[in-house]
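Encoded as structure tokens, the structure appears first; notes follow it.
Each reported figure results from applying straightforward, stated rules to the coordinates on display, with no laboratory input. Note that this is a predicted model, so its numbers are computed, not measured. Using ideal geometry, Cβ is built from the backbone for each residue, glycine included, and neighbour counts are taken over all protein chains shown.
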Amino acid sequence: MSLNLEMKHSRNVLVVRLNGELDHHTAEQVRYQIEDELGKDRYFHLVLNLKNLDFMDSSGLGMILGRYKKVSQLGGKMVLCSIQPSVYRLMEMSGLFKILPTFEDEQTAVSACGVAS
Amino acid sequence: MSLNLEMKHSRNVLVVRLNGELDHHTAEQVRYQIEDELGKDRYFHLVLNLKNLDFMDSSGLGMILGRYKKVSQLGGKMVLCSIQPSVYRLMEMSGLFKILPTFEDEQTAVSACGVAS
Amino acid sequence: MKQNVHKNFMELKFPSRSENEAFARVAVASFVSQLDPTMEELTDIKTVVSEAVTNAVIHGYENQEGMIYIRAEIDGSRISIQITDQGTGIMDVSEARQPLYTSKPELERSGMGFTIMENFMDEVTIHSKPGKGTTIYMVKFLKSHQQQKMAN
Amino acid sequence: MKQNVHKNFMELKFPSRSENEAFARVAVASFVSQLDPTMEELTDIKTVVSEAVTNAVIHGYENQEGMIYIRAEIDGSRISIQITDQGTGIMDVSEARQPLYTSKPELERSGMGFTIMENFMDEVTIHSKPGKGTTIYMVKFLKSHQQQKMAN
Ligand SMILES: Nc1ncnc2c1ncn2[C@@H]1O[C@H](COP(=O)(O)OP(=O)(O)O)[C@@H](O)[C@H]1O
Ligand SMILES: Nc1ncnc2c1ncn2[C@@H]1O[C@H](COP(=O)(O)OP(=O)(O)O)[C@@H](O)[C@H]1O
């Protein structure tokens, strides 16, 4: 409802743009959709573009960490980009950047995955 | 709080821009500020620019009708401009346009007062 | 696990201060947002909540502090909103419903509150007892059929 | 007529459905808006309400339907928020408060809810009785001094 998800891909990188608010209610739907797409075995890396993510709480953190575990178990890379200040603050406080790199824009984020693979 | 008011003048026309939400709570403050300014005897006509008025209810209608009465008692003209669709709908339903002319932009509204005076 | 028809409700209680008019309409609109209404439907709901709450503040409690109660319910695409005060009540309800009728013209009231509620909602019921208080009960059916979305 | 210090409150009651998480945080944020907080303060409040309500839904009622109660109070620049469920309660509160501790890792919980509440609010008190339920009581002092504005 209050979260809308756009997916695109760039070679072996799945790019997911999250628009709206990521909380416990919306995180479930995001989890299923990303898992579903990753299950198609077409992708290796995951970029989350948070440019239009206006709100996130710890349920969002949990969902992001969950995807990170899945992707890295299979040897892929996961990165974030275009994070708004309020979401950035929550992520920083939670120590998320110790494990997940973040980039200013989608293109840099996608290249970062490419270079690493 | 949720309503912010800008005033400017153009010869004998007082132009008031209402930004935010006009309800019973905010209408009082708007009434006082407009009455105060009109009390200075510098103006004759009143233009309400509603471009950034995002919400209005019947308390807003009452405030507008109150100003209309004051201004026209003294022989002045009062007009509206740049009304958003949702506010327009309320005004139309209430028959407000039978007594108050409305214009697309501020400049046309100001000229309309000038021409009439 | 999920029912076919989406049902939900919320109750709200707050003192009759004019600061709470904006809060009340935003709270109800935000509750109703889970049905994904159009902008126009959302504005209708904000407006009628604003009308009824303002009436409770001005007419019900005559600017003394009393409590205002709101109950909003969702049942499929049907939204019902009940707004209650324990204030002065209305002597003559059919007179009060008349367009342009107001008992407080000195406060620059337009007398259009009930007319707007009736125009924006599908059903408006007024229960009032002089000296006991007033309850406004309103129903709106959303045009957009969101139940399908909710059901899965 | 107006006191020097602005006081107000509101109470909210709704079933523990995940759809109501967004509603709850918007309602509280909208109530608090009358103090004209900064965007950052408003986000803090939305976030902590979201955390506590989500916990009531997931841990308190374990996705069964129960009632969630919120009471928010304004007293000058002091905001207090109380969020109550009548669910399972917490056995070991100091364990629950640990960063990264979660009793439901299988639900992809991060275990950061209480840590975020403690970081974003000036005071967080947890009252909980196993089998009876949990109340989270939080206080925040707004930095911007809005009382002056309110007082006139
Ligand atoms: N909650 C209420 N308690 C007591 N009287 C009310 C209440 N709501 C409305 N009324 C009466 O009904 C009249 C018409 O209401 P309304 O159409 O909203 O116009 P207005 O608020 O502009 O007067 C009011 O003037 C008042 O006399
Ligand atoms: N309202 C509640 N009722 C019962 N248990 C709770 C409640 N809130 C929190 N808890 C317990 O405290 C733990 C820590 O909560 P929190 O820090 O928000 O992390 P998370 O929700 O990610 O598990 C939860 O895993 C749960 O065991």
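Here are the numbers for the structure shown:
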read-out: Inter-site label distance for residue D:40 and residue A:108 at 7 Å from Cα along Cβ, in nm; value: 2.3
read-out: Dimensionless Rg/Rh of chain A - Kirkwood Rh, Rg from C-alpha atoms; value: 0.92
read-out: Computed E for residue A:36/residue B:100 - FRET, C-beta separation, R0 45 angstrom, nearest 0.05; value: 0.20
read-out: Candidates B:78, B:56, B:93, ranked by Gaussian network fluctuation over chain B, Cα under 10 Å, top entry; value: B:93
read-out: Residue C:139 versus residue C:5: modelled label distance in nm, points set 7 Å from Cα along the beta carbon direction; value: 1.1
read-out: Neighbouring partner chain Cβ atoms per residue of C:108-118, average, 10 Å criterion; value: 6
read-out: Cleavage-rule hits (GluC sites (Glu not before Pro)) in segment C:1-67: DSSP loop, at most 13 neighbouring Cβ within 10 angstrom; value: C:62, C:65
read-out: Eligible lysines near residue A:70 by straight Cα distance, threshold 16 Å, same-chain separation 8 or greater; value: A:40
read-out: Label spacing, shortest first and in nm, from residue D:39 to its equivalents in the remaining copies (7 angstrom along Cα→Cβ); value: 2.1
read-out: Loop-located trypsin sites (Lys or Arg not before Pro) in segment B:25-117 whose Cβ has at most 16 other Cβ within 10 Å (DSSP); value: B:40, B:42, B:51
read-out: Subset of C:46/C:140; B:77/C:46; B:51/D:7; D:104/D:140; A:51/C:46 violating a 23 Å alpha-carbon distance limit; value: B:77/C:46; B:51/D:7; D:104/D:140; A:51/C:46
read-out: GluC sites (Glu not before Pro) lying in DSSP loop within segment B:31-117, provided at most 11 other Cβ fall within 10 Å; value: B:104
read-out: Surrounding net charge for residue D:112, when Lys and Arg each add one and Asp and Glu each subtract one, Cβ distance under 15 Å; value: -3
read-out: Choice from D:25, D:109, D:71 with maximal GNM fluctuation in chain D (Cα, 10 Å cutoff); value: D:109
read-out: Shortest-first nm distances, residue B:105 label point to equivalent points in other copies (7 Å, Cα→Cβ); value: 3.2
read-out: Nearest-to-axis residue of chain A, judged by beta-carbon position, where the axis maps A onto B, in Å; value: A:54, 9
read-out: GNM flexibility winner over chain D from D:15, D:130, D:105 (Cα, springs under 10 Å); value: D:105
read-out: Segment C:25-152 - convex hull of the alpha-carbon atoms, volume per residue in Å³; value: 100
read-out: Inter-copy separations for residue D:127, label at 7 Å along Cα-Cβ, nm, ascending; value: 3.2
read-out: Percent of Cα-Cα distances greater than 20 Å, calculated over segment B:47-115; value: 22
read-out: Nearest-ten-degree value, helix C:20-32 long axis tilted from longest Cα axis of chain C; value: 20
read-out: Chain C - percent relative contact order, Cα under 8 Å, separation 6 or more; value: 29
read-out: For chain A: relative contact order, % (alpha-carbon pairs under 8 angstrom, 6 or more apart); value: 26
read-out: Two-decimal log10 I(q)/I(0) for the protein assembly as shown, as the Debye equation yields it once each C-alpha is a single scatterer, q = 0.08 Å⁻¹; value: -0.60
read-out: Where rotation carries C onto D, the chain C residue whose Cβ is nearest that axis, in whole Å; value: C:27, 2
